[in-house]
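As structure tokens, the structure follows; a few thoughts come after it.
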């Protein structure tokens, strides 16, 4: 029986930890089901997560990276389920349906356009750029939370387990991106490492005064595939 090499082990653990990170949405949806309402929480992270994982799935199919394909098939399915649960219990269904419609149009438009490109290398380059841009744009949400933490000098609003998990996942994918020499995997996950590391540093600089659990909101975290 062949012994798995370090890159295979890294690939496997990266896939498992990323799927576990995606499953954090189950906790959020469970609360919606129990309360039978989404309250004032935002469902945009679910929609954006579906868009991001779908784009990365397309990239994985183009580059024939099986780990990227696997993790984003599961990710897109989970985020689609989360989106459905949010819609069922949403207090503003029309607005949420409009958001999902815009995302779906973007997704179909990009898939159609990339299919029209003849050169395979150009398809991969364009899809990689789109994935990087979309992922980096999601960093805006946690940055607003960082400003709030610095202003209040209290890190209790940050979800420590989720941030630590994001850091771990990002590090694994950065290393994997280096191993397979894929810049489009390296860049967004390297930025994810920096962002999550910065948030972890805030726990040291501004330790939580009291823990209320309010930080466990999916909206506070960017989606890194």
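What follows is calculated from the coordinates using simple rules that are stated; it is not laboratory data. Remember, predicted model here, so these are calculated numbers, not experimental data. Don't worry about glycine lacking a Cβ; one is built from the backbone with ideal geometry, like all the others, and counts go over all protein chains shown.
Points to keep in mind about this one:
- Global form of the chain, assessed from the alpha-carbon gyration tensor, a/c cut-off 1.5: oblate
- Note on the chain: GNM, Cα springs under 10 Å; of 14, 121, 164, the largest mean-square fluctuation is that of 121.
- The calculated 222 nm mean residue ellipticity attributable to helices in the chain amounts to -26000 deg cm²/dmol, summing -39500 (n - 2.57) over DSSP H runs of n ≥ 4 and dividing by all residues.
- Sorting 90-103, 169-182 by their mean Cβ neighbour count within 10 Å, with the most densely packed peptide first, gives 169-182, 90-103.
- Overall form of the range 103-192 per C-alpha gyration tensor (a/c, 1.5; a/b vs b/c): oblate
- Peptides ranked, highest mean first, by Cβ atoms within 10 Å: ranges 201-209, 54-62, 128-136: 54-62, 128-136, 201-209
- Cα gyration tensor category, rounded, prolate or oblate, for the range 1-51 with a/c compared to 1.5: prolate
- Computed over the range 1-115, Cα set: Rg, Dmax in Å: 16.5, 56
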